[in-house]
1. Taking region 1-45 as the region of interest, how many residues are open to solvent by 40 Å² or more (accessible area, probe 1.4 Å), among the polar types (S, T, N, Q) and farther than 20 Å from Gly78 by Cβ?
2. In region 96-145, which residue that is of a type in the set (Phe, Trp, Tyr) and more than 20 Å from Ala40 (Cβ to Cβ) is modelled with the lowest pLDDT?
3. Does Ala101 satisfy the criteria of being closer than 15 Å to Arg16 by Cα, open to solvent by less than 80 Å² (accessible area, probe 1.4 Å) and touching a residue at least 60 places away in the same chain (Cβ under 8 Å)?
4. For region 127-151, what are the residues that are assigned to a loop (DSSP other than H, G, I, E, B) and hydroxyl-bearing (Ser, Thr, Tyr)?
5. Would you pick out the residues in region 46-87 that are out of contact with any strand residue (DSSP E or B) (no Cβ under 6 Å at 6 or more places or on another chain) and of a type in the set (Gly, Ala, Ser)?
Amino acid sequence: MTDRPHTGGCQCGAIRFRVTGTLTDSSVCHCRMCQKAFGAYYAPLVSTRGAELTWTRGTRKTFRSSNFVERGFCADCGTPLTYEAPDGVAIAAGAFDDPSALPPVVQFGTEGKIGFVDHLHELPGHATEEDAEAAPFVLQIVSYQHPDHDTETWPPENHHD
């Protein structure tokens with residue numbers, strides 16, 4: 001993982017961040033608390049220890065999930081953003097503009113790991129457009145999601161809720 005700045009933010013664009021420095025600790029956590037916080041089978045996280053994290057737009061809301069940890073999220077769209085513990089802040093991997101640049105190197109909380117997670121890659125895969133016959137609306141989707149790069153302002157003036 002490189003020293004180049006990494007940027008990211010929430011789905012709606014209300015919150016943006018920049019991390020400068022080397023990011024080396026990307027992980028997946030399977031503990032039940034992370035599953036609940038992400039609404040998923042596991043939480044992909046990237047530690048910012050040793051790097052500089054700057055919030056460039058908006059303010060995250062936090063929830064104290066335990067006596068040691070706060071979890072940050074966007075109050076507008078609900079995107080999970082942080083795991084904040086005494087040993088540092090980790091950012092949700094999917095919140096980075098290029099999550100593929102930060103592959104996980106370790107798994108934590110394996111006592112909570114759901115067995116089928118190891119077999120997800122064996123499931124059949126389909127592109128979104130392949131579901132058009134059963135769900136024709138997929139061909140007409142217009143994304144209101146913030147783009148995967150910094151913007152001067154957000155939302156754009158032509159954005160409709």
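The values are calculated or read from the model by the stated rules, or taken from the named source; none is laboratory data. These numbers were taken from a predicted model, which means no experiment stands behind them. Heads up, the Cβs are rebuilt from the backbone with ideal geometry, glycines too, and the neighbour counts pull from every protein chain shown. SASA here: full protein model, heavy atoms, side chains in, ligands and nucleic acids out. Shrake-Rupley method; radii C 1.70, N 1.55, O 1.52, S 1.80 Å.
1. Of the residues in that region, 4 qualify.
2. Tyr144
3. No: the conditions fail for Ala101.
4. Ser143, Tyr144, Thr151
5. Result: Gly50, Gly58, Ser66, Gly78, Ala85.
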